[in-house]
Structures are given as C-alpha cells and as structure tokens.
Amino acid sequence: MRILVIEDETKVGCFIRRALEEESYAVDLCEDGAKGLEMALHTNYDLLIVDLMLPSLSGLDILKGVRQAKIQTPILILTAQSQVDQRVKGLDAGADDYLTKPFAIDELLARIRALLRRGSTESPGVLQIDDLALNPATREVTRGSQRIDLTLKEYALLEYLMRHTGRVLTRPMISEHVWNQDFDTFTNVIDVYVNYLRNKIDRGHSKKLIHTIRGSGYMLKVD
Amino acid sequence: MPLRVRLTLWYGTALALILIIFSTILYLVTARSLRDAVDESLEETAAAAVRSLEERGFLPLIDEDELMSQFPELARIDKFFQIFSPSGTITIRSPNVKQQEMPLSRQALEVAYSGRSLLEFAKYPKEPALRLISVPIIYRGNLLYIIQVGTSMDSVEETLNRLLLVLLVSMPIALAVSLAGGWFMAGRALRPVDTITLAAQRIAGGDLTQRLTVPASADEIGRLTNTFNAMIDRLETSFRQIRQFSSDASHELRTPLTVMKGETELALRRPRETDDYKVVLESNLEEIDRMTRIVDELLFLSRADMGEVKMERLPVPLDTLIEDLHRQASLLGQERNIQVVLRATTPAVVLGDELRLRELFLNLLDNAVKYSRPSGAVDIALMIDQTHARVSVTDHGIGIAQEDQTRIFDRFYRTDEARAHTKKGTGLGLAICAWIAESHRGRIEVQSKVGEGSTFTVMLPLAPAPAAAKRPPISSSPSSHRER
Ligand SMILES: Nc1ncnc2c1ncn2[C@@H]1O[C@H](COP(=O)(O)OP(=O)(O)O)[C@@H](O)[C@H]1O
Ligand SMILES: [Mg+2]
C-alpha cells in the first residue's frame, strides 16, 4: 500500500512517515502543496494524507484538484484547526476522513486501515485466500494453523497481492504500490521479494498460491 | 411606553391645549362683540327717540296709537320701548312689548336722576334675556321722562350657542384627525429606527455581514445609519482579526504539540536504541522552547493590547545601545558565518524604555541574520535628522515581496519564502517591534526586493534638548540601568 503524505511541518511529516513505514506502508513525503498535487495526479497512490495549511497551495485546493481529475483515492485530511467549518469544507471538497492535530498515532493508523478497507468491496478486516489469512489490523499472517513471520516489505507485498487476488499484477504495478518514489525500477528487487514470500508461504504446501505469469508478472490464486 | 405612542400623546396634548385656548378666546371675543353691537344699536335707537321727542318739544304723549303715528320710524325697529314718568310708572309703551309688566329698575331710576343713561340686563322667567337702555330726558333741570329701549338677546344667544356647538363638535374631530395624522407621521419617522433595531438584533445574533441600507436623505436617521454601519465595519474587522488571530495561535501552538505527541508515541510503540530516544527528547526540547517563545510573545502582545505593559520614558543614548547590540548580533552571525557591520553611528538620545528598544533592535537583527544567506552581510547604521533618529538594519538575504511588506507586521504572518528558508520563527517578532516603535511615537519602514535583501528602518523622535544635555551614563547591562 503506497501513501502520499503532504505536510509542510518537516517534523510532523517525518514521524508520520516513520510510523507508516514501520507498518510496512510505502510512503512518499512532500512539503509543498503544488508539488504534492502533481505527485497525487501522476502516481497511483492508495491513500493521500493532506495537511490543510500548506504553502503555495492549500489542502482544500489539493482535494479539489484530485477530485476534479476523477481520482477516487481515499483522502485523509490533517488539520490544526478545531473549527468545525474547516472540517466540513474539507469533507465537502471530497475528503474521506479527518484528524485534528495533535492526534494519536494509533488513531491515525486505524483510520488509514479503515480507509484502505473501504476501497475493496469484499470482506472488511481479514483478507483470506484458501487457508492463507492476513489481518491488516494486527499484521498477522497465517497459513492453516501456522503463523508466518514476514519482514515489512514482504508483508507489504503480500498484502498488495492479497487485495488483488486473481488478477495479474505487473512489476510496474507492484513497484508503484509497494515501494515509494526512491525505488529503482530497473533492479530485480521485486522478483527477489516474491521468492522470499514463496519460501515462507508456499514451501511445504502442496497447494501453491503465488504464480508467475510468464512475460507479465505475478498472480495470487487458488489453482 | 413606545416612542411612537409618546410622540403622538405629546403632540395631541399640545394640540388640544392650543385648540381649547383658541376656542375660548374666539368664543369670548365673539360674545363680546355681539353684545357691543346690540348695545350700540340700542344707544342709537334711544338717541333717535330722544331726538324725535326734542323736535316735538317734549309733548306729553297720551297713547300708543298717537305715539306710533307721531313716530312712524318706531314701528320699523326690532326693539320695543317704554316711557316712564319721573316717578317710575309706565306712561307709554310700544305695542311690541309683551303683556307682562316690565317696571323700571331701582338702579335705572337712581341713575336717571343723576342724568346718566344705564345699560342693563333684565331676565324674566321663560323668556330670553333682555338688554335695556334707560335714557333720562331732562329739560331745564327737571327730569321729564325716562325713555327705555330694549331688545331681546335671543339671536345673540342663539348665535353664541351655535358657535359653542360648532366648537365643541369640531374640536374633538380636529383633535382625532390630527392625532391619527401624528400617529402616522411618527410611525413613518420611526420606521427607519425599527429597521435599525431589527438589523441590530440580527447583528447581535452574530451576523456581522449585515449592513443597513442608507436612506437617500442626509437627515438624523441617515447619519445614525451611517454611524451604525461604520461601527459594524469596525466590529467586523476586529472580529475577523480576533478570529484569525486565535486560529493562527491555535495552529502555531498545536504544531509543536503534534510533533511532541507524535514523536513520543512513535518512540514508545516498540523498544528502541538509546540514541533513538535521545533524538526524540532533543527534538521535544526544541519544540518546548518554541512553545515557550510563542507563549511569551503572545503574552506580551496580549498585555500590550490591554495596555498593561509599562513603558519607561527615560533618556536612552541610542549610539551606546546600538554598539552594544552590534556586539551581540556579531555573535549571532558567527554561527552562520555572517558579518554584522556597524556602518555609521552618531550621538543620539531618545526618550523611552531601554529594555524594549533593545528588544526591538535585537528582533530586527535576528531577522536580518536569520533571513540572510550563509556568509552574507548585515549592516547597521544610526543617523539623525532634526527631529528623528533613524536606525537601519540592512541584509542581503531572501527579501520580501511588495505585497507582503505590510502583512509581515501582522501577528503570525510569515512569508512562504521565510517558511521555506527556516523553521525557526514565530511570526510574532515584527508585531512586537511595531508595537514598541509605536509606543515610542516612532515607526518602522521596510524597503525590500525579493532575492536581493531588505532594509528595516526604525524612526524614533529625538529627546528634547535639555534631556539630551544631561546624558546619564549607560551601562551595557540593561538590568543595572533599570535599578536606578
Ligand atoms: N530581514 C528579513 N528578510 C526577509 N524577510 C523578513 C525579514 N524580516 C522579516 N521578514 C519576514 O517577516 C516575517 C515576520 O517576521 P517576524 O515577525 O520577525 O517573524 P519570524 O522572524 O519569527 O518569522 C518573517 O517570517 C519573514 O517572512
Ligand atoms: Mg523574527
């Protein structure tokens, strides 16, 4: 899951980014409004976190710009203002949720999970395919009765695959949603991580879940 | 009681009084002149009768028929007459006298003996009042007869009664009509007041965007409306400023809180290296310092707003102060390799509070260093003209766009360039500077070009000559100066 954070207070942006990365999200951070809008328009993010008071372009303008471009990515606004009208304006302009500063990190994370869940129509909460289960709230992955320990990136990759079960996911799609903008697309990092995942999930099971689609990418499905 | 009712009542009472006085006078004057007219015609008739008798040599007249033939003119008059003998008995009377006896009154007889005429009223039951004139006819010192001419007051009284009736009926009608008119006029005159009241109620309800429509006339109501609108304008502006201010203040205070809460929570989520905790604590300390600065500055400004900041008015030698500040600013500049140069100085004394002036210049120097590029230069100059001392602080840093140059003195206002340049800053410094300059009857001017640098010039009125003459020695430490 790749998230764009547009926040001009460097320190605030930094700790949000760290918190999210520790939850295995891929995070891009931007401190400028206009630049943030451009990034939101050109990259297919899974979620936007937008501060309302920004230099060069306000959070409200970013919201409007994104929605005008018919991008339905969930947007969470951060605001230092406790005034109701600011939040109302934000929600009316197309935000999906808001948080007032200062906020608790746990709440931020819970709201992000809720927003990401909203995108997929099926079962909220636990993602399941065959006997493989992934719980985004606890970040617990099990196959059958056996717990599987994953690194942050492995987890992020698996979550992305599981949210798009039965669809072919190309390498550019995977890199766009699992890695941030610092990722170098010309390496074979994706293949390496898919192999790690295979080792942890499919090894020892007769039923393989991760499949290579030759020439295009990967797919998670039950045979 | 509503103003409209009161106005109408006042008006009605005044009008009623005027009407009553006017009617009474009219009635009395009319009554008087009608009676005078009656008396006059009685006198004329009596005089005519006397003349006729004289012409005929005062013949004793026997009966009425003879009398009428002798005096045909008597038959034509609307009056009656009687002739009495000197003893007061009736000798003769005109035929139009009713059957009743109408003896000569005692008073008339007495007056007749003294040779004068008498006008009197006579009243008989069931008859209208009569007006009588008794004229003695004296021939060679002897009273021959008394001629009495009378007429009924009937028509006079009838006229007066009719007049009274007209007055009594028309007065209430006139009063009622004009009361209604007064009510209407008062309503019309007061309608703008009602409009103002309604608008004021809406405004009191919190809608400060409301304005009254100004009437075309420049009357009292027009002036009231204009004054009212001007007042709401000012209210709206200051409300907007207060709202802006408190929202800015809340934003500025929430940001460090957000950082501290977020970083601390994040650190506590899982076990970490000692160095990680140290980084968080150091960062939190920075935020605490920042909050302390904001709170101090806000406190100062709000106390200044309430007029609670004490200002000394002592002679302050600016040259010494500037030299001292120059040393301090040089230290500030060293961190960023910025040269602070004292370009010009001259003896100058102003009346004021040294601590505050120090704060003012230090803020400007701090800004100049802060918004300079690394290894830039900052110049200080102190000059005087006839009336003012001018302290200018020049830097070659990021500069300020023309449209921002007035707004930088607003509380919390920081330009986007300044925000991008450094996170250190509250946006309150220049607001405090402006306040200090103003309370010294001075002002601050800005000249700046984006990317080239800025010059802030403080102008302070010089102390009058005697104060300048006895320059007190000033120590570089402000506290010892304070204790004197
Ligand atoms: N010397 C300067 N050069 C450029 N900009 C300046 C300078 N001094 C002040 N400013 C602008 O005015 C704003 C307000 O200044 P100030 O009230 O001192 O706040 P602060 O220094 O805390 O940001 C600054 O944020 C900056 O945008
Ligand atoms: Mg400053």
Worksheet item: Taking R0 as 51 Å, what's the FRET efficiency between B:M185 and A:V88 from their Cβ-Cβ distance, rounded to 0.05?
Response: 0.55
Item to complete: Write down the radius of gyration of the protein assembly as shown and its Dmax, each obtained from C-alpha positions, in Å.
Response: 55.0, 178
Worksheet item: Between the DSSP loop rule and a limit of at most 16 other Cβ atoms within 10 Å, which GluC sites (Glu not before Pro) in the range B:280-318 are left?
Response: B:E308, B:E312
Item to complete: Could you size up the charge dipole of chain B around its Cα centre, putting +1 on the beta carbon of Lys and Arg and -1 on that of Asp and Glu, and report it in debye to the nearest 20?
Response: 1020
Worksheet item: What size of dipole, in debye to the nearest 20, comes out for the range B:240-305 about its Cα centre when the only charges are +1 on Lys and Arg C-beta atoms and -1 on Asp and Glu C-beta atoms?
Response: 340
Fill in: Furthest towards positive pole of dipole, B:A216, B:A267, B:P256, structure part chain B, Cβ charges
B:A267
Worksheet item: Counting Lys +1, Arg +1, Asp -1, Glu -1, what net charge surrounds A:A69 among other residues with beta carbon under 14 Å of its beta carbon?
Response: +1
Discussion item. So if I restrict to the alpha-carbon atoms in the range A:137-177, what is the Rg, and what is Dmax, the biggest pairwise distance, in Å?
Written reply: 11.4, 33
Worksheet entry | Taking all pairs of distinct alpha-carbon atoms in chain B, Kirkwood radius in angstrom | 33.8
Response to the item:
Residues hit by the 50 Å² burial cutoff in the range A:94-115, accessible area with a 1.4 Å probe, assembly against chain on its own, are A:P102, A:I105
Item to complete: Calculate for chain B the 222 nm mean residue ellipticity that helices alone would give, adding -39,500 (n - 2.57) per DSSP H run of length 4 or more and normalising by residue count, nearest 500 deg cm²/dmol.
Response: -19000 deg cm²/dmol
Worksheet item: In nm, what is the difference between 0.36 nm times the number of residues separating B:S152 and B:L198 and their Cα-Cα distance?
Response: 9.7 nm
Worksheet item: Can you list, bin by bin at 10 Å, the percent of alpha carbon pairs in the range A:127-220, starting at 0?
Response: 15, 54, 28, 3
Response to the item:
The helix B:429-439 Cα axis meets the longest alpha-carbon principal axis of chain B at an angle in degrees, between 0 and 90 and rounded to 10, of 50
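Relative contact order for chain A: what percent, with Cα pairs under 8 Å and sequence separation of 6 or more? Spell out each step's value before the answer.
Numbers: 352 pairs, mean separation 37.6, N = 223.
Contact order relative to length: 17 percent.
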Worksheet, complete the sentence: On complex formation of A with B, accessible surface lost, both sides summed, probe 1.4 Å, nearest 100 Å², amounts to 2200
Worksheet item: Within a Cβ distance under 10 Å of B:E286, other residues only, what is the Lys/Arg minus Asp/Glu net charge?
Response: +1
Worksheet item: Between A:S58 and B:I288, what is the label-to-label distance in nm when each label sits 7 Å out along the Cα-to-Cβ direction?
Response: 3.5
Worksheet item: Which whole-number percentage describes the relative contact order of the range A:127-220, with Cα contacts under 8 Å and a sequence gap of 6 or more?
Response: 28
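Determine the share of the range B:240-305's accessible area contributed by carbon and sulfur atoms, expressed in whole percent, with a 1.4 angstrom probe.
After summing per-atom areas, the C and S share lands at 58 percent.
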Worksheet entry | Largest-first principal axis extents of the Cα set of the range B:116-265 (Å) | 143, 33, 30
Discussion item. Just to be sure I follow the definition: excluding the sites themselves, where is the longest run in chain A that has none of the trypsin sites (Lys or Arg not before Pro) in a DSSP loop with at most 16 other Cβ atoms within 10 Å?
Written reply: A:1-69
Worksheet item: Taking the Cα centre of each part, how many Å lie between the range B:365-422 and the range A:135-202?
Response: 53
Worksheet item: For A:I213 and A:L152, what does the FRET efficiency come to when R0 = 22 Å and r is the distance between their Cβ atoms, rounded to the nearest 0.05?
Response: 0.30
Response to the item:
For the range B:314-483, the convex hull over Cα atoms projects on average to an area in nm² of 9.4
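The values are calculated or read from the model by the stated rules, or taken from the named source; none is laboratory data. The model shown is predicted, which means the values in this text are computed figures rather than measured ones. Cβ: placed from backbone, ideal geometry, glycine included. Neighbour counts: every protein chain shown. These accessible areas exclude ligands, DNA and RNA; they are computed on the full protein's heavy atoms, side chains included. Shrake-Rupley method; radii C 1.70, N 1.55, O 1.52, S 1.80 Å.
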